[in-house]
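Since the structure comes first, as structure tokens, the remarks are kept for the end.
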Amino acid sequence: MNHLVVFVMLAVFLGMTSLVDAADKKVIIGFKKGAVASEEDRHHKFSRAGGRVKRSHRIINAISGQLSEEEIEKLKNDPDVAYIEEDSVVGITEPTLLSTPLTQEYAESWGVARIGGNAAAAGGITGAGIKVAVLDSGIDYNHPELKGNYKGGYNFAYDNNDPFDDGYISHGTHIAGIIGARNNGTGVVGVAPEVSLYAVKVLGGMVMGDLSDILAGMEWAITNNMNIINMSIGAPIDSNAFKDVCDRAYQAGIIVVAAAGNTNSNTIEFPAAYDSVIAVGATDQVDAHPTFSNYGQKLELAAPGVTINSTMRGGSYGILKGTSQATAHVSGAAAILLAKGIADANGDGRVADDVRALLGSSAADLGDIGRDPYFGFGLVDLSKALTPQPVTYHYTVARTIGSRKDNDLTVALKPGVYTVEITNHGNIDLKIHAVDANCFKEIGHNKLNKRHEKHPHNYNYQSHDATISLQVAIGDSGSISFIPTGSPGSSADIVITSKIL
């Protein structure tokens, strides 16, 4: 993606909306759960306050439109109102157009090949039957690489049924090509070359749009049962409404993927920063962190985002860079895993969380061990995700004379299910501590002493063999520590076996 920034400016300057009365403000009003639930009631409350309704949202309990400052202040005291926030204008910073089209699809689509898209295609896994909503500037649905996969959409920027990409840099078309350009022997190829693409146009010709239009686009994706929502957009400003609709999409079983941002900032932008969204950063051709890509603890995955060749409006091709492009690679990878089929490991009736966990647990670890702020869990690796193999780690801890801390062992863990087998040698007392305990779900244990009442993920193990199982929750990372006490000279062998989710 190319980094999104929020601009608050006159709509007439953007040429995207009608002229707003100087005394009025464009707002989004969210109502409390159970309050003003019907569309008619929302319209009545808004109109009674003298406002002009733009859109009554259907998934989240909110309404957007124009309202005077005086009425906004009055509504802030309304017991039914949860929040009032400005309907900001969102847009992307201009990316760099580097070159014209090349041939040899996978050779020229280096990012697709780097994450294993060619391996998926060789195995006959192409994303067929998976629906991806591209919330962006639209799609050139006449492009030879895209017209076979284009299945429809809607234009929320101009409220009509034609979501054709009129963005001056063909941003939405470029993103669509990375996700699902056809494997037709010419031009470029997408990660999932037979995926179903839906253009949800929420950005206008200047590649900017109202937040309320993006909310409506998200609601459209939920209502139309999309499997994946790609948002190669972002902003540095949090929004209750934005978080609410992203959470609702994830609860509906949709994989939501968004860009971290392109300002070389240590803050992940929204919506990527929400827990319900996969936050994606960029890598270059040597798997390094490019200087433009934002970083932070919320970053979940990394994918190619430099010198990315893809489709452009008018049947052409071009190269762009940004976390937008990285995001599209992850959306395509998610489509591949959904198309292959994946088990509902936790029995919650959805597999979006299972795909998310598999993307994280199979990622190639590029930075510090485990999750780190520059690469998250690492670079997406479809080859590994499609053929996951258990990994076994062997350790020994011993109680020696001297500082106890010198004997401690801490092992970083990615999302997954782990079996921990402990074999005692001598009279050892071993404390087992699940660091960041909220990241773990206890599956079972045997022959372990009573857990610490204040710290339920801490165990004491004494002088016998034991086996425990732990699960690192989806979207998280953590570590398990082994702290030997007891008699000097005693030790324990520890075997940790991971089952990639």
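No lab work stands behind these numbers, since they all come straight from the coordinates. Keep in mind it's a predicted model, so treat the numbers as computed, not measured. FYI the Cβ positions are ideal-geometry reconstructions off the backbone, even for glycines, and counts take in every protein chain you see.
Things to note:
- Rounded to the nearest whole Hz, the Karplus-based 3J(HN,Hα) values (6.51 cos²θ - 1.76 cosθ + 1.60, θ = phi - 60°) of region 424-431 follow the sequence 7, 9, x, 8, 9, 10, 10, 8, with x at glycine and proline.
- FRET efficiency for the pair TYR393 and ASP41, taken as 1/(1 + (r/R0)^6) with r the Cβ-Cβ distance and R0 = 56 Å, rounds to 0.45.
- Measuring against 29 Å, Cα to Cα, the residue pairs LYS54/LYS298; LYS33/LYS151; LYS26/LYS131; LYS45/LYS131; LYS151/LYS243 contain LYS54/LYS298; LYS33/LYS151; LYS26/LYS131; LYS45/LYS131 as the ones spanning a longer distance.
- For the peptides 113-125, 363-375, residues were scored by their other Cβ atoms within 10 Å and the scores averaged per peptide; the highest-first order is 113-125, 363-375.
- Each residue in HIS43, HIS289, HIS425 was given a count of other beta-carbon atoms within 10 angstrom of its own, and listing them fewest first yields HIS425, HIS43, HIS289.
- FRET efficiency, 1/(1 + (r/R0)^6) with R0 22 Å, evaluated for TYR106 and THR307 via beta carbons: 0.90
- Antiparallel bridge percentage (DSSP; both residues within region 130-220; nearest 5): 10 percent
- By other beta-carbon atoms within 10 Å, ranking THR323, THR263 with the fewest at the front produces THR263, THR323.
- Per-pair calculated FRET efficiency, R0 = 22 Å: GLU86 and ASP159 via Cβ, rounded to 0.05: 0.60
- Taking other C-beta atoms within 10 angstrom as a stand-in for reagent exposure, GLU194, GLU40 fall in the order GLU40, GLU194, fewest first.
- Seen from GLU105, the other residues with C-beta closer than 13 Å to its C-beta sum to a net charge of -1, counting Lys and Arg as +1 and Asp and Glu as -1.
- Length gained when the stretch ASN240-ALA128 is fully extended (0.36 nm per residue, less Cα-Cα span): 36.9 nm
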